[in-house]
Protein chains: 2
Amino acid sequence: MSIKLSIVEDQKDIREMLEALFKGSSNIQFQKSFADAESALNELPDLNSEVVLVDIQLPGKTGIDLIKQLSESMQSTQFIVCSSIEDSETIFEALRAGANGYILKSETPSKLVESVYEVQNGGSPISTQIARKVIGSFKDKEVPSSDWKNLSNREKEILDLLSKGFRYKEVAIKLFISTDTVRTHIRNIYEKLQVNSRTEALNKVYPRN
Amino acid sequence: MSIKLSIVEDQKDIREMLEALFKGSSNIQFQKSFADAESALNELPDLNSEVVLVDIQLPGKTGIDLIKQLSESMQSTQFIVCSSIEDSETIFEALRAGANGYILKSETPSKLVESVYEVQNGGSPISTQIARKVIGSFKDKEVPSSDWKNLSNREKEILDLLSKGFRYKEVAIKLFISTDTVRTHIRNIYEKLQVNSRTEALNKVYPRN
DNA sequence: AGACAAATCACATCTTTATGTGATCTATTG
DNA sequence: CAATAGATCACATAAAGATGTGATTTGTCT
C-alpha cells in the first residue's frame, strides 16, 4: 500500500529535493508539488492525497491558512507542516488549523520520509524541538498563579463554585454556611486578588490563554 | 560529555533490560535504578541525575506524583515518562506535572536511547501516538461552540467584553451605545445561550476544559 | 501569652445585573 | 411585500453582587 503524497513548497531547490526524495522512497506514490497556496487550493481536492507536506511561508496565503481551508473539505487527508519556523504562536496556530504533524526542515531526509509513514499510521510526527514548545504550553496551564496560592482552602472552594456560575445563595447552601459568610469570603478573595468583580477574579485565577 | 541517567521502573525484567541498554550506550553514565517512587524520592535529589526515565504505574505513589514532587527541587533535571499508558488524561497530567518527554515502552531500544540524547539537547521526545493525543487537545480549543456561531457579530463583541470583566456601562462607552442597548443585547445573548448570568454565558461559550 | 490568619455570622447601603415590556429603524430573505 | 433578524433606545422592578463596619471562635506560630 503506497501512500499518495503531495507537497506545497515555494522554494524551488527545496521542492525539487523533496520531490526527488519521495519519488525515490518505497511505499510512497508522489503525486504533485505546488509552489503556492492558491494552486494547491484549486487542485489538491481532486488529487485525494493521503498526506500533504506543507511549508508555512508561502507567497500570498500562508500554509496555515491553506491547511485551515483544505482540512475542512479533505477530512481524510493528513497535513504535515514542514517549516523552519519554531515560534510558539505559529506552531499552535498550525496545529489548531488542522495540521497532524510539524517537522523542521532541518530534519534528515530519512526522518522526513518516516514522518509520512508515521502520520499515515495514526501518529503525529513532531520534531522534538517543536514538541518542547507544545509541552511548554501545558505547563503554563497548571502553574497555579501566585494569587491562587495565597487563597485559603475555603476561599479556593468558594471561588471554584463561583467559577461554575453559582450564586452566593447557592454556594451558601452547598457549603452549609450563611450567605453572609459567603459574602465575607468573597470580599476577602477580592482583596487578595486586587479585583472587584467575579469575572475579574476568575480571569485572574483561571486565565483563558 | 556523558549524560547522568537514572530510571524508575517497578517491573524487574523491564528495569534490568533498560539498565543493560543504557549501560551499554556511549555518552550515558548510568547511575541507579529504583523500583518505587518512595525510594526514588529519597535518593534522587542527591544523585543529581540529568535525565530520569520514569514509569507511571508504580506501587504506591504514581510516577506522575513523583515527577511533580521531584521537578520542584530538581529544576535542571529532565524527566521522561516511559509507559504503555496512552490515555489522554494521563498524558496531560504527566506533562503538567513537569515531564519533558513521553515515550511508549513499545519504542525500539535505539529510540529510547535517542530520547535521552534529545531531551538533553533541548528537545522533547514524544512517541508519535502520544503526540497525536497532545495535538488533538489543541484542535478542540478552537472549535467554536455552536452556541457561539448563533450569536450576531455585535453580540459576540459584547460577550467578549463581558468576558474581560467590563460592566455594562463600560461596554456601552466602548461601543458608543447606551447601557440600555447593552442590556438588550445581553438579554438576547442569554436567551440564545439558554442561561441567565454572565458567568454561565461565559462558561458556555468559552469552556475552561 | 499575644499576634495573626481563617472561618463564621450580621446589618446596612449602594451598584450592578437580570428580567419584563415596550418601541424604532435597517437589512435581508422567502 | 411581509416576515424576520439585528441593532438601537427607554422605563421599571426585582434580584444579585459589592462594599463598609462591625463581631466571635478556633487554631497556629512565635
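The values are calculated or read from the model by the stated rules, or taken from the named source; none is laboratory data. Because the structure is a prediction, the values reported are computed rather than measured. Here the Cβ is made from the backbone with ideal geometry for all residues, glycine too, and neighbour counts use every protein chain on show.
Can you tell me which residue is farthest from the chain's Cα centre (by Cα) among those in region B:132-156 that are modelled with pLDDT under 85 and among the acidic types (Asp, Glu)?
Residues of region B:132-156 that are modelled with pLDDT under 85, as a first pass: B:138-147.
In the following step, the residues that additionally are among the acidic types (Asp, Glu) were identified as B:140, B:142, B:147.
Numbers: B:Asp140: 15, B:Glu142: 17, B:Asp147: 28 Å.
Within region B:132-156, the match that is farthest from the chain's Cα centre (by Cα) is B:Asp147.
Take B:Ser6 and decide whether it is surrounded by 20 or more Cβ atoms within 10 Å (Cβ to Cβ), hydroxyl-bearing (Ser, Thr, Tyr), farther than 19 Å from B:Ile91 by Cβ and touching a residue at least 60 places away in the same chain (Cβ under 8 Å).
Taking the combined requirement at face value, the residue does not satisfy it.
Please identify the pairs in which a residue from region B:146-163 that is of a type in the set (Ser, Thr, Tyr) has its Cβ atom under 6 Å from the Cβ atom of a residue that is in a helix (DSSP H, G or I), counting only partners at least 6 apart or on another chain.
The qualifying pairs are B:Ser163/B:Leu202.
Can you tell me which residues in region B:67-83 are touching a strand residue (DSSP E or B) at 6+ places or on another chain (Cβ under 6 Å) and either farther than 18 Å from B:Ser39 by Cβ or of a type outside the set (Val, Ile, Thr) (or both)?
Correct list: B:Gln78, B:Phe79, B:Ile80, B:Val81, B:Cys82.
Of all the residues that make up region A:178-199, how many are within 20 Å of B:Leu161 (Cβ to Cβ) and near DNA strand C (Cβ under 10 Å from one of its atoms)?
Number satisfying all stated conditions: 4.
Does A:Tyr102 qualify as being in a helix (DSSP H, G or I) and either modelled with pLDDT of 95 or more or closer than 16 Å to A:Phe22 by Cα (or both)?
no
Would you check if A:Leu175 is without any contact (Cβ under 8 Å) to a residue 60 or more places away in the chain and either more than 8 Å from DNA strand C (Cβ to nearest atom) or acidic (Asp, Glu) (or both)?
No.
Every residue in region B:95-138 that is touching a residue at least 40 places away in the same chain (Cβ under 8 Å) and facing another protein chain (nearest Cβ under 7 Å), please.
In the first step, residues of region B:95-138 are kept if they are touching a residue at least 40 places away in the same chain (Cβ under 8 Å); the result is B:99, B:105, B:109, B:112-113, B:116-117, B:119-120, B:125, B:129-130, B:133-134, B:136-137.
Answer for region B:95-138, where residues must be touching a residue at least 40 places away in the same chain (Cβ under 8 Å) and facing another protein chain (nearest Cβ under 7 Å): B:Pro125, B:Gln129, B:Val134.
If A:Met74 meets every condition in (1) of a type in the set (A, V, I, L, M, F, W, C); (2) at pLDDT 95 or above; (3) surrounded by 19 or more Cβ atoms within 10 Å (Cβ to Cβ) apart from one, which number is that one?
(2)
Would you confirm, using the coordinates I've provided, whether A:Leu162 is touching a helix residue (DSSP H, G or I) at 6+ places or on another chain (Cβ under 8 Å), more than 10 Å from chain B (Cβ to nearest Cβ) and within 11 Å of DNA strand D (Cβ to nearest atom)?
Values: touching a helix residue (DSSP H, G or I) at 6+ places or on another chain (Cβ under 8 Å): yes; more than 10 Å from chain B (Cβ to nearest Cβ): no; within 11 Å of DNA strand D (Cβ to nearest atom): yes.
When the stated conditions are applied, A:Leu162 does not pass them.
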